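Structure record follows, encoded as structure tokens.
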């Protein structure tokens, strides 16, 4: 039962639902040029980053989200050397990518410098010094502008930006035109992954539309999901590539993890079997959604 010792933070997940978090301490609360930012300490999930009223990342289980986002794509490439992260303000996506000895250059493009600087200061257990690694270059700018001007190809591109909420800064990072741009910046064996929102009802429509949109561009597209306790839902991701035909087997993923000497808490071959096995009801709902997102027909999450 709620206790009076807590202040309560309400994350309105839809017009008719919400998740409530018991707050022990407010670390930061401020408005940047792009979004409202809050960093708070909670009793159950530890420190939490909140952007525009939506929980983005929690200290207790961020490893689930970030390993699910990063490792399927990184393991699918035989030797990723040049990697691009779009978004990723907490630095945990960088942390996971830097586990790969083959990586020589890691570029992160984030629109909001203030978010990154505050994450650098207050979310040390997320980034673990990754912002200061000599392989990392930070750019604070619009991702589409960066991709339009950057001509060298990347082996892996990972998009870790907030879901497309109305008036949000990432709304145009889920369109056909954006994914076409991504495709042109992938190397021959390049792989792309992104977070693609909540897969539960009523959000499955948004996740499905993102999946449909990528399928317009990439021949290989695999949606998957991972349960993240601090989100209290199964969170969706999508893996895609222009020149890949199939996923590794469970044994294949395990061998790749072993060969690359990765120390992971969440992801392995057995986990891959589970997260890529999309259940029937979810497949049926995805089949019912036919919308494709483009610059002239943007689709907020609700």
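Name the residue, out of 280, 261, that is modelled with pLDDT of 95 or more, out of contact with any helix residue (DSSP H, G or I) (no Cβ under 6 Å at 6 or more places or on another chain), surrounded by fewer than 18 Cβ atoms within 10 Å (Cβ to Cβ) and in the same structural domain as residue 144 (by TED's automatic domain parsing).
Details: 280 fails: modelled with pLDDT of 95 or more.
Of the residues listed, the single one that is modelled with pLDDT of 95 or more, out of contact with any helix residue (DSSP H, G or I) (no Cβ under 6 Å at 6 or more places or on another chain), surrounded by fewer than 18 Cβ atoms within 10 Å (Cβ to Cβ) and in the same structural domain as residue 144 (by TED's automatic domain parsing) is 261.
So which pairs qualify, if the first residue must be in the stretch 169-185 and within 11 Å of residue 296 (Cα to Cα), the second must be at pLDDT 95 or above and surrounded by fewer than 21 Cβ atoms within 10 Å (Cβ to Cβ), the Cβ gap must be under 6 Å, and the two must be at least 6 apart or on different chains?
Short answer, once both residue conditions are applied: 176/216.
Let's see how each residue does on (1) at pLDDT 95 or above; (2) assigned to a strand (DSSP E or B):
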{"residue": "189", "(1), (2)": "yes, yes"}
{"residue": "193", "(1), (2)": "yes, yes"}
{"residue": "200", "(1), (2)": "no, no"}
{"residue": "206", "(1), (2)": "no, no"}
{"residue": "210", "(1), (2)": "no, no"}
{"residue": "217", "(1), (2)": "yes, no"}
{"residue": "227", "(1), (2)": "yes, yes"}
{"residue": "236", "(1), (2)": "yes, yes"}
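For residue 55, are the conditions met, namely being closer than 30 Å to residue 259 by Cα and outside any loop (DSSP other than H, G, I, E, B)?
Values: closer than 30 Å to residue 259 by Cα: no; outside any loop (DSSP other than H, G, I, E, B): yes.
Spelling it out, it is not the case that residue 55 is closer than 30 Å to residue 259 by Cα and outside any loop (DSSP other than H, G, I, E, B).
Within the stretch 11-30, track down each residue that is under 22 Å from the mean Cα position of the chain (by Cα) and surrounded by fewer than 20 Cβ atoms within 10 Å (Cβ to Cβ).
11, 12, 14, 18, 19
Looking only at the stretch 78-102, how many residues end up being closer than 25 Å to residue 145 by Cβ, over 18 Å from the mean Cα position of the chain (by Cα) and either part of a loop (DSSP other than H, G, I, E, B) or at pLDDT below 95 (or both)? Reasoning before the result, please.
Of the stretch 78-102, the ones closer than 25 Å to residue 145 by Cβ are 80-94, 97.
So of that shortlist, the ones also over 18 Å from the mean Cα position of the chain (by Cα) come out as 80-82.
Now restrict to residues that are either part of a loop (DSSP other than H, G, I, E, B) or at pLDDT below 95 (or both): 80-81.
Of the residues in the stretch 78-102, 2 are closer than 25 Å to residue 145 by Cβ, over 18 Å from the mean Cα position of the chain (by Cα) and either part of a loop (DSSP other than H, G, I, E, B) or at pLDDT below 95 (or both).
Scan 247, 256 and give me the residue that is out of contact with any strand residue (DSSP E or B) (no Cβ under 9 Å at 6 or more places or on another chain) and either surrounded by fewer than 19 Cβ atoms within 10 Å (Cβ to Cβ) or more than 23 Å from residue 13 (Cβ to Cβ) (or both).
Values: 247 fails: out of contact with any strand residue (DSSP E or B) (no Cβ under 9 Å at 6 or more places or on another chain).
On inspection, the qualifying residue turns out to be 256.
Pick from the stretch 141-153 the residues that are more than 11 Å from residue 87 (Cα to Cα) and touching a helix residue (DSSP H, G or I) at 6+ places or on another chain (Cβ under 9 Å): which of them is surrounded by the fewest Cβ atoms within 10 Å (Cβ to Cβ)?
148
The values are calculated or read from the model by the stated rules, or taken from the named source; none is laboratory data. Small disclaimer: the values here were computed from a predicted structure and weren't measured. Note that each Cβ is placed from the backbone with ideal geometry, even for glycine, and that neighbours are counted across all protein chains shown.
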